[in-house]
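Engineer: Sending over a structure as structure tokens; questions will come in a sec.
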Amino acid sequence: MKEIIERLIRTGKTTAEIQSEIIEFPDDVTTEYLQKIGFEETQAIKLKWKLRQNDRIRENEIRAEKGRRELSKEGGYKFSANANPDYILMDTCAMLKKEGRVIISKSSKVVVIESVLREIEKILMETERKKKKSPIDYANISTIKSFKGKMVRKAKFKPVLDSPKANMNYCDDKILYYLENLSPEKRPTLLTADANLASRAEAYGFDFIFIKKSTNNKKAEVVETGETQKVEETESEKVPQLIENIELQEEEQLIEATEPMEEVMTTENEKKEKPKAVKNVLNGIRFMITGEQITVTGFNKKARTYFITGKRAKLARRNETKQIESFDFIIMLIRQKNNREIRIRRISIVNNQFDVEEEIIKFINEIYQFDLPQEVEEEARELLLE
């Protein structure tokens, strides 16, 4: 049975899939269980983490499949076969479409690269400078201001620094370049209302969701509200793209103009709600979850606390508050007083609750079995040698 379990885990099978073949396989696999059936401790730890990774990947796939079914049911979207509406990269024009805002509101994680943030700000400035504004202009101004607040306040929005090539002027090129430099498993789905950008993303092999032109439920005749405008596609002149070939009915124009006002009212209600705090104290270090933030306070000279994001680690200060979505998990290193060992605690936030897993290290070579960032490995080594 040991060989079968190892093969199933290493080939990406989930807990539920393994249980379909091995009835007695537990719901929550521990290092002790794997050791009991014959694995050495180091191997058991690696297999446990691999299984949990398999489960997370499958959970994400299920959410993505559900999201695609909803998109198909609603209509008005074109999307790639593996598009994930739950994890998206937001293009500017998607934010200014009602259908785009629906997807953004339902998504768990929204990546916004710096180039898009700059473009949003330029569009706002260009539109506000207009002497004569249309209802759509007023709607766009209100939407952008509302979203700027949400991107600061809500942890699901993840602003990231993109590093475009020199002389790369078009925002679309910067978006595609950013996606190209991510590994496939970390690559978000592009959400856009730009047909050309969607086609280019498809050519690159990137997952995308394209918002088609808006229609109302009555399927009445579409009324053209503006002539096609030919403009140079520079980063500072993408405003015309938002009104190019726009085909909207008068009823929808009213909806677009009034909807951002409703969002602002919702924002005021959100401010009044005080999220319930969840607290935990580990070795003198206090952790407190409040809404979408976590605060770490306290000091222990025998402990080190790190925020882990991919292969990067950031040492927590004595009093630090971070957005939960800005890191993957927390690692605590604790040097025991009365014996020569280190405890490694992996702290995850699951459904606004603490999920703490602990392993004990007695020998230096055991440090490297956890695949931690180099900075954390070196600190663990120094603590162990004290």
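Values in this text are rule-based calculations from the coordinates and carry no lab data. It should be emphasised that the depicted structure is a prediction, and the values quoted were computed from it without experimental measurement. Virtual Cβ from ideal backbone geometry, glycine too; neighbours counted across all protein chains shown.
Engineer: Hey, got the dipole for the stretch 277-385? About the Cα centre, +1 on K and R Cβ, -1 on D and E Cβ, debye to the nearest 20?
Structural biologist: 580 debye
Engineer: Could you list, in their original order, any pairs among 106/154; 122/145; 130/212; 156/276; 186/276 whose Cα atoms are separated by more than 21 Å?
Structural biologist: 130/212; 186/276
Engineer: In whole Hz and in residue order, list the ³J(HN,Hα) couplings for the stretch 371-379 that follow from phi through the Karplus curve 6.51 cos²θ - 1.76 cosθ + 1.60, θ = phi - 60°; x for Gly and Pro.
Structural biologist: 6, 8, x, 4, 4, 6, 4, 5, 5
Engineer: Given the pairs 50/158; 13/36; 98/158; 165/322, which span a C-alpha to C-alpha distance of over 28 angstrom in this model?
Structural biologist: Check vs 28 Å cut-off fails for 165/322.
Engineer: While we're looking at this one, here's another question. Give me a comma-separated list of calculated 3J(HN,Hα) values for the stretch 312-319, in order, Karplus coefficients 6.51, -1.76, 1.60 applied at θ = phi - 60°, integers in Hz, x for any Gly or Pro.
Structural biologist: 3J(HN,Hα) across the stretch 312-319, in whole Hz: 9, 10, 10, 5, 6, 7, 5, 9.
Engineer: Cβ under 12 Å from residue 16's Cβ, residue 16 left aside: what net charge do those residues give with Lys, Arg +1 and Asp, Glu -1?
Structural biologist: -3
Engineer: Compare the Cα positions of 361, 294, 383 along the charge dipole of the stretch 277-385 (+1 at Cβ of Lys, Arg; -1 at Cβ of Asp, Glu; about the Cα centre) and return the one farthest towards the positive end.
Structural biologist: 383
Engineer: Further question: Considering amide H positions built from the backbone, and no H for Pro or chain starts, which residues 5 or more places from residue 79, or on another chain, come under 5 Å of its amide H?
Structural biologist: Correct list: 210.
Engineer: Can you check what the net charge comes to around residue 67, using other residues whose Cβ is under 14 Å from the Cβ of residue 67 (Lys, Arg +1; Asp, Glu -1)?
Structural biologist: After counting each charged neighbour, the total is -1.
Engineer: If I model a spin label at residue 58 and residue 35 as a point 7 Å from the Cα along the Cα→Cβ vector, what separation in nanometres do I get?
Structural biologist: Output for this residue pair reads 2.6 nm.
Engineer: Assuming R0 = 41 Å, can you tell me the calculated FRET efficiency for the pair residue 165 and residue 324, based on Cβ-Cβ distance, to the nearest 0.05?
Structural biologist: Details: r = 33 Å, r/R0 = 0.80.
The value I calculate is 0.80.
Engineer: Enumerate the calculated ³J(HN,Hα) couplings along the stretch 16-21 in order (Karplus 6.51 cos²θ - 1.76 cosθ + 1.60, θ = phi - 60°), each rounded to whole Hz, writing x wherever the residue is Gly or Pro.
Structural biologist: Calculated HN-Hα couplings, in order: 5, 5, 5, 5, 5, 9 Hz.
Engineer: Amide H neighbours of residue 22 under 5 Å, at least 5 residues apart or on other chains, H built in the peptide plane: list them.
Structural biologist: Those lying under 5 Å, H to H, from residue 22: there are none.
Engineer: What does the charge add up to near residue 124, with Lys and Arg as +1, Asp and Glu as -1, over the other residues with Cβ less than 9 Å from its Cβ?
Structural biologist: With Lys, Arg at +1 and Asp, Glu at -1, the net is 0.
Engineer: Within 10 Å of each residue's Cβ, count the other Cβ atoms and sort 2, 97, 337 from fewest upward.
Structural biologist: Values: 2 10, 97 23, 337 6.
Final ranking by Cβ density, sparse to dense: 337, 2, 97.
Engineer: Same structure again: Long-range amide H contacts for residue 190: which residues qualify at under 5 Å (H placed 1.01 Å from N, peptide plane, sequence gap of 5 or more or a different chain)?
Structural biologist: 89, 207, 208, 209
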